[in-house]
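Here's the structure we're looking at; comments come further down.
The values are calculated or read from the model by the stated rules, or taken from the named source; none is laboratory data. This one's a predicted model, so the numbers in the text were calculated from it and none came from an experiment. Every residue, glycine as well, gets a Cβ built from its backbone with ideal geometry; the counts of neighbours run over all protein chains shown. Surface areas here come from the heavy atoms of the whole protein model, side chains and all, with no ligands, DNA or RNA. Shrake-Rupley method; radii C 1.70, N 1.55, O 1.52, S 1.80 Å.
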Protein chains: 2
Amino acid sequence: MYSRQEMNMDKTIRVARKQCKADLVLKNVQLINVFSHEIYPTSIAVSEGMIAAVGDGYEGETEIDLNGKYVAPGFIDGHLHIESSMAPVQEFARTVVPHGTTTVIIDPHEIANVMGTTGITYMLKTSKYNPLNVYVMLPSCVPATPMETAGAELKALDLFPMLQDRWVLGLGEVMNFPGVLNREGDVLDKLKLSEGRIIDGHAPGVTGPDLNAYIAVGIKSDHECTNVEEAREKLRLGMHIMIREGSTTKNLAGLLPLVNQDNISQCFFVTDDRDPIELLELGHIDHMIRKAVSLGLDPISAIRMATINTAKYFGLKKVGAVAPGYDADLVVLDDLEKFKISQVYKNGECVGMDGKAVFEPASHSNIRLRGSVNVKWIEHEHLRIKATSNKFRVIDLVPGQIVTQSNVESDPKTEDGFLVSDPQRDLLKIVVIERHYGSGQMGIGVIRGFKLKKGAIASTIAHDSHNIICVGVNDADIYQACVQLVRQQGGLAIAVGGETVDSLPLPIAGLIANQSMEKTRSKLEDMVRISKELGSDLGNPFMTLSFMALPVIPKLKLTDKGLFDLSTFAFVDLFL
Amino acid sequence: MYSRQEMNMDKTIRVARKQCKADLVLKNVQLINVFSHEIYPTSIAVSEGMIAAVGDGYEGETEIDLNGKYVAPGFIDGHLHIESSMAPVQEFARTVVPHGTTTVIIDPHEIANVMGTTGITYMLKTSKYNPLNVYVMLPSCVPATPMETAGAELKALDLFPMLQDRWVLGLGEVMNFPGVLNREGDVLDKLKLSEGRIIDGHAPGVTGPDLNAYIAVGIKSDHECTNVEEAREKLRLGMHIMIREGSTTKNLAGLLPLVNQDNISQCFFVTDDRDPIELLELGHIDHMIRKAVSLGLDPISAIRMATINTAKYFGLKKVGAVAPGYDADLVVLDDLEKFKISQVYKNGECVGMDGKAVFEPASHSNIRLRGSVNVKWIEHEHLRIKATSNKFRVIDLVPGQIVTQSNVESDPKTEDGFLVSDPQRDLLKIVVIERHYGSGQMGIGVIRGFKLKKGAIASTIAHDSHNIICVGVNDADIYQACVQLVRQQGGLAIAVGGETVDSLPLPIAGLIANQSMEKTRSKLEDMVRISKELGSDLGNPFMTLSFMALPVIPKLKLTDKGLFDLSTFAFVDLFL
């Protein structure tokens, strides 16, 4: 019902010419015009889900007097990973549509790293029949690195058939910028097959000749800028600047000074990653508009960066504006300071009212996805490692960051010659268990900074390959937490005293819950609270844990293949 | 050699990273950056016809120090009919490329009205291997009207296969706006088949509900605005405003007040129709830039409207900017007031120098086109018409315009009962002879305003069906001029005393010469001078003549089917 329809041209023309009634007329609106950068009073006539006319004197089967409220085009998020919301698409839609978002461009990078093309297809399928357009950029980096075991390997020719899908717009963020610069075959193949389509970039800190090379191959956007200088260099070289405000990476305040009347059409808003807590508390693209205006941007410019600029970059011709021929995706705003959203329309149907979804999310019970936690039967002894030396490496957390330090400690705590956690010195055992192929492959290390005094916490969210990762104060709890994740087919778990004390099942690829975002958020908050009761003083120990297996971020990380030291770009032994 | 190549990504990356020399480096340039709206000093590195990098410190096999001259992207004309230049594509390229034009979007409407899809294919074929990108918008209105006989009838399904050509961008100006508004089947079919492609508009004076309807079906541009109010309404409704400065229609000064920093990305430059005289004397898009700046527009904005804005509207990803990955189509400017163009580069090769082409136009001698003047053998008596009444209709020219008045006169001059021209009263006989099917169909009328005292002038350029049109002071000269056009397979001719005194052959569809534009211009000027010697005081009697068979322009016109009165939308008899 909400998917884009074949236009009934005949009826559209008759409605526009006032020869028959519109389905819906919104009267007495203050139109935010993103083409002319103006606001003025008018009416909007809708026919079969599309805008037939903008002007006065239209009659409709339904007529709504908006009493001078503002109407903006539905908002667009130009780059995000829905997986970060831990919600399936229909639940994500239920959450963000009342915030005015009616189109998103997703890169299903996380689920693809677990499930491959099956994961991408799952996202495409579940994107149908919700009042939210979901366009897909194909994940370009699966696996993200060869230093860990991902659930799939997507070569250029694996992606190629999916490029033909009408909801697929191009190639997702090319994170492998070293691969581009070093002219690696498969990376260049992906770029060549995407020629003429949109290719998104991801090039933090890349500058000068390297940046020129990265752009010259056709990559025309970046969402990793953290300061105006970096963004200005990229914009001058023709990149579109996606200004990001995610849960962990907040660049709006830093980048807004870049934007002026002369370059604004090159800039637009994205969230990249927003967790359930931020989505429910702050909102989505509406939050970026609100924040940008509070930082001094004029409201029409903010709306343009949330609508037409994004649509134009992606070549979307029917969204991003309130004008004849566009989808009737509309946001009704009470004011232009707080941007209170009183109504949201998708293809002419009211789907959001005073912050609440007023549509029934599509049922996707018929779309089944295979289980993703495929682990070889583990026994307690599999988690043990012989202490072969008095000196051992330690991953050291850096407070508030996802980088780590690499240090060496002496006198490991042992039991029967096997290394065990030493909570007194905050030297905790950490394990990563390959979960895609049942290979039994496992990495074991020691980490400092979690400060747990009791129990173990485990997760199947571990960027980017999303193997099982677990940290704990003793082998029994580590074992129990990991087994719990296998039993529930993914998610988060906490074990204490050899028993599971709480868990959040994420049965969809071990990344996504099958429940309301509110429930997920509540469970997440419970589990963070319990972790703190167990001794941790981290803001969100599960979030921190999810980056400890990411070997592309310095310095010492643990994957299912072992300890990896990015400074020497080599695997290293736990014991020296 | 100039057509867009498959990128050599490997080499491009190495050049950008300074790992090998560029083919060409333009050093010490003042770059006009259309993304950031800035001008700053830098260098441009070119590899295999594309820009590999913009930045300092590059080395090239060839290095050119531009000593601080300005470099802009190659200019783009967003809408034109090359046929109006009376030059084949390669000759058109030789003329405009030195003026900085490196990309044009043409609507081969004229040749299609004569030759149908053969004409379109001919334009596509001859567009290859010149240093000028020629993109095609498919003519949507062939024939333009049912009131005259055109050389082809292109239905939606005739156009459909051509939409697949990589150089075809969409559907050309939908002049038949009454057809859209009245929901005529074939017009809507063309719009439906073009869904998702670019659809250009042509909607002079269309406003309000009609304009909404016209835009709602997907038409996203207009080049017929003549004042700011009209343009503002269209822009607010989402249209792109093509600001036109043609030979007969000059809208730049009138529309420039519309453009501001907030809406400029919706506006760009087109010429629509430029004759050889204006092209050679004034130039092309460079002339529009120059004039816009002289009218007060800042130079960077003018360049944007001549480059990136046009490219973005048409979805062209490799032209319109000087940045990595773009074609190395560059214009070197000595200054930003007179915009003297000292060099033009196409795909990194110097193709224009100080206003002269420095390339060899492609030879298209192997591309043959059938003759287009297919006329049933005519005898003197075919041109005669019995004077059946004392009252007869007269087409009255309106000085300086293409509209006419319809008047009635008495006492026709006759010979043997047949109507003849009456030069004393300036009541001259005008004939239109169908030239496509050899049908023998012919219209005969009387026109006032040409003021010829001797001879006859004839042309196969007669919008939009381009039948033979001739006006003269006696039947013998009319006969001779028409026969001359048949003999030379189209063009212009002047006959005096039963002899041809001058002629311009236009063997390509009866519209286009097969010689240099300079020769065509010189011949045109000769023929206008001779026409004036024969008594006419019109600026260009051939230009005026070419609009006398155009029945969509009020009020009284003559086609091969007879006299057409647009005020009653009916054919009328010569004699009342």
Residue within the range B:414-422 that is modelled with pLDDT of 95 or more and within 30 Å of the chain's Cα centre (by Cα) present: no
Qualifying position, being over 16 Å from A:G562 (Cα atoms) and open to solvent by less than 30 Å² (accessible area, probe 1.4 Å), among A:V394, A:V446, A:V420, A:V431: A:V420
Per-region count, the range B:296-306, residues in a loop (DSSP other than H, G, I, E, B) and surrounded by fewer than 24 Cβ atoms within 10 Å (Cβ to Cβ): 3
Test: residue in the range B:237-259 that is open to solvent by less than 10 Å² (accessible area, probe 1.4 Å) and touching a Pro at 6+ places or on another chain (Cβ under 8 Å): yes
Any hit, the range B:145-161, residues being among the hydrophobic types (A, V, I, L, M, F, W, C), away from every other protein chain (no Cβ under 14 Å) and surrounded by fewer than 17 Cβ atoms within 10 Å (Cβ to Cβ): yes
Single condition A:N67 does not satisfy, out of (1) surrounded by fewer than 20 Cβ atoms within 10 Å (Cβ to Cβ); (2) touching a residue at least 24 places away in the same chain (Cβ under 8 Å); (3) part of a strand (DSSP E or B): (3)
Tally, over the range B:449-476, of residues that are under 12 Å from B:G535 (Cβ atoms), open to solvent by less than 10 Å² (accessible area, probe 1.4 Å) and either in contact (Cβ under 8 Å) with a residue 60 or more places away in the chain or out of contact with any Cys (no Cβ under 8 Å at 6 or more places or on another chain) (or both): 6
Selection count where residues are of a type outside the set (F, W, Y), open to solvent by 10 Å² or more (accessible area, probe 1.4 Å) and within 20 Å of B:I13 (Cα to Cα), scope the range A:163-185: 8
One residue from A:A53, A:A72 being touching a residue at least 40 places away in the same chain (Cβ under 8 Å), facing chain B (nearest Cβ under 8 Å) and either buried (at least 22 other Cβ atoms within 10 Å of the Cβ) or closer than 18 Å to A:N133 by Cβ (or both): A:A53
Tally, over the range B:243-295, of residues that are over 15 Å from the mean Cα position of the chain (by Cα) and not in a helix (DSSP H, G or I): 10
Identity of the residue in the range A:326-364, modelled with pLDDT under 95 and among the small types (G, A, S), that ends up most open to solvent (accessible area, probe 1.4 Å): A:S363
Candidate set: the range A:557-576, residues that are among the β-branched types (V, I, T) and at pLDDT 95 or above; chosen: the one farthest from A:S84 (Cα to Cα): A:V572
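So that you can scan it fast, the table gives a plain yes or no per residue for (1) within 14 Å of chain B (Cβ to nearest Cβ); (2) of a type in the set (G, A, S); (3) closer than 20 Å to A:H99 by Cβ:
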| site | (1), (2), (3) |
| --- | --- |
| A:P209 | yes, no, no |
| A:K220 | yes, no, no |
| A:T226 | no, no, no |
| A:I243 | no, no, yes |
So A:S194, is it open to solvent by less than 30 Å² (accessible area, probe 1.4 Å), away from chain B (no Cβ under 14 Å) and of a type in the set (S, T, Y): no
Selection count, the range B:228-240, where residues are within 10 Å of chain A (Cβ to nearest Cβ) and either touching a strand residue (DSSP E or B) at 6+ places or on another chain (Cβ under 6 Å) or modelled with pLDDT under 95 (or both): 5
Yes/no for A:A53 being aliphatic (A, V, I, L, M) and more than 30 Å from A:L171 (Cβ to Cβ): yes
Residues (within 12 Å of chain A (Cβ to nearest Cβ) and in a strand (DSSP E or B)) located in the range B:19-39: B:A22, B:L31, B:I32, B:N33, B:E38, B:I39
Criterion violated by A:G283 - all others in (1) away from every other protein chain (no Cβ under 12 Å); (2) under 22 Å from A:R244 (Cα atoms); (3) surrounded by fewer than 21 Cβ atoms within 10 Å (Cβ to Cβ); (4) among the small types (G, A, S) satisfied: (3)
Within the range B:4-18, considering residues that are within 7 Å of chain A (Cβ to nearest Cβ) and assigned to a loop (DSSP other than H, G, I, E, B), the one most open to solvent (accessible area, probe 1.4 Å): B:K18
Matching residues in the range A:499-529 - criterion: being open to solvent by 30 Å² or more (accessible area, probe 1.4 Å) and more than 14 Å from A:A87 (Cβ to Cβ): A:E499, A:T500, A:V501, A:E525, A:D526, A:R529
Candidates A:P541, A:P554 - the one that is in contact (Cβ under 8 Å) with a residue 40 or more places away in the chain and under 22 Å from A:I82 (Cα atoms): A:P541
Failed criterion for A:G539 (all others in (1) out of contact with any Pro (no Cβ under 7 Å at 6 or more places or on another chain); (2) surrounded by 19 or more Cβ atoms within 10 Å (Cβ to Cβ) hold): (2)
